[in-house]
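Data block below; observations after.
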Amino acid sequence: MLYNGDMIPLEACMTTTSQSHPFDQLSQDKIIDWMESLGVDSDYRIYPLNSYENRVYRVGLEDQPPVVLKAYRPGRWNEAQIREELGFTQQLHEAEIPVVPAMEMGGDNLHHRDGFWFACFPMRAGHAFELDNPDQLYRIGQHLGRLHNVGSMGPFAHRNSLSLLAPLEQAQAFFQTSDLIPDDLRSNYLATLKPIYELLRDRFAEPFARAEQLRIHGDFHAGNILTRDDQLLIVDLDDCVTGPVTQDIWKLLSGDKHEQAGQLNELEEGYEQFRPFPRKEMVLLEPLRTVHMVRHTLWIAQRWDDPAFPKAFSWFDSPRFWSDHLLALREQWALLQE
């Protein structure tokens, strides 16, 4: 797998407090034992790579190139759901779409040890994709069209389906009592979510339901598209779901309306080389962006017991963050009504 994160010694990332989260159990010795259980000897050089939802490590091997070990967050996906992610990635690879499939080691590409599911991937290096490069946007449109062609070849049986309304319902329920949001802002936040939810339900739920639903990447943004030697590579299908193709498009757009229109045209030209571009479904761009804003905040809050999250998002429970978040949601409310 291809990563551009910094590497630091594993011991430096381990918490020194009593174990309060399953990921606290991970240690260099445990990862070495996992590799040995697959018949592979580590050279003891193990470094964590940037990841929050899961834990990802560069693992050096004796007389072999290093691999990337991905330890899945316990309780998030079951075995069948993870195998569908790995199977979809393998299917994309066999269709010559630039992804990195899991390696078969010890007779399988998914393993279970000490309460964790984990998989290993080839280690590569690369740089972040540049959204302001028209040529690359055209090429990404081509890859995305091909990816969606494969996605339309069969359904997921176990992975989730994307929802337009459920994240707002979950956020309303969660933040009713959460102490992560300042008391004096809670009522404003909940009052802001209510009309957004109603607008999404009344105006956009029907076009969302009409949109073609197929297997998609689910988290298709610049950080998951990496480059090396003028080659593009699509990584991290951990969030692959059944959903509309618009979900794989909106995160590639940035800037004002004029800039986004130009970016969308480049993507469309490339996409049309392999698959009809669903222009009518682009009405879902801003609704999906709005839902993500709520879902992302809920995701951080629900992961707050993971020691990595308070460290990475130390600003999350501050009045400043929630005030800015409220302002952004109100701006989205205005956009949704245009």
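Every number in this text was worked out from the coordinates using simple rules, so none of it is lab data. The structure displayed is predicted, hence computed values, not measured ones. All Cβ positions, glycine included, derive from the backbone under ideal geometry; neighbour counts span all protein chains shown.
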Fill in the blank from the handout: Filtered hits (aspartates and glutamates, Cα-Cα < 16 Å from Lys194, offset >= 8 within chain) -> Glu169, Asp202, Glu331
Completion exercise
Taking a crude spin-label model, label points 7 Å out from Cα along the C-beta direction, the Met282 to Arg76 distance in nm is 3.2
Handout entry: Relative contact order [Cα under 8 Å, 6+ residues apart], segment 134-336, whole percent
Key = 34
Completion exercise
All alpha-carbon distances of segment 2-124, grouped into 5 Å bins from 0, give the whole-percent distribution 2, 10, 21, 24, 22, 14, 5, 1, 0, 0
Exercise for the section: Multiply the residue separation of Arg295 and Ala222 by 0.36 nm, subtract the distance between their alpha-carbon atoms, and state the gained length in nm to one decimal. Expected result: 24.4 nm
Exercise for the section: Place a +1 charge on the Cβ of each Lys and Arg in the chain and a -1 charge on the Cβ of each Asp and Glu, then give the dipole magnitude about the Cα centre in debye, rounded to the nearest 20. Expected result: 740
Problem - Antiparallel DSSP beta bridges within the chain, percent to nearest 5 - result: 90
Problem - Two-decimal Rg to Rh for segment 257-304 - Kirkwood Rh, Cα set - result: 1.16
Completion exercise
With the 8 Å Cα cutoff and a minimum separation of six or more residues, segment 2-124 has a relative contact order in percent of 23
Fill in the blank from the handout: Nearest-0.05 FRET efficiency for His112 and Ala209 at R0 = 35 Å, using Cβ-Cβ distance, is 0.40
Completion exercise
The Cα radius of gyration of segment 220-338, divided by 2.2 N^0.38 Å with N its residue count, comes to 1.24
Exercise for the section: Determine Rg/Rh for segment 115-193; Rg is computed over alpha-carbon atoms and Rh is the Kirkwood hydrodynamic estimate from the same atoms. Expected result: 1.14
Practice task
May I ask for the percentage of alpha-carbon pairs in segment 168-297 that lie more than 19 Å from each other?
Solution key: 59
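Kirkwood hydrodynamic radius, computed over distinct alpha-carbon pairs, for the chain: how many Å, to one decimal?
Details: mean 1/r = 0.0465 Å⁻¹.
Computed over Cα pairs of the chain, the Kirkwood hydrodynamic radius comes out at 21.5 Å.
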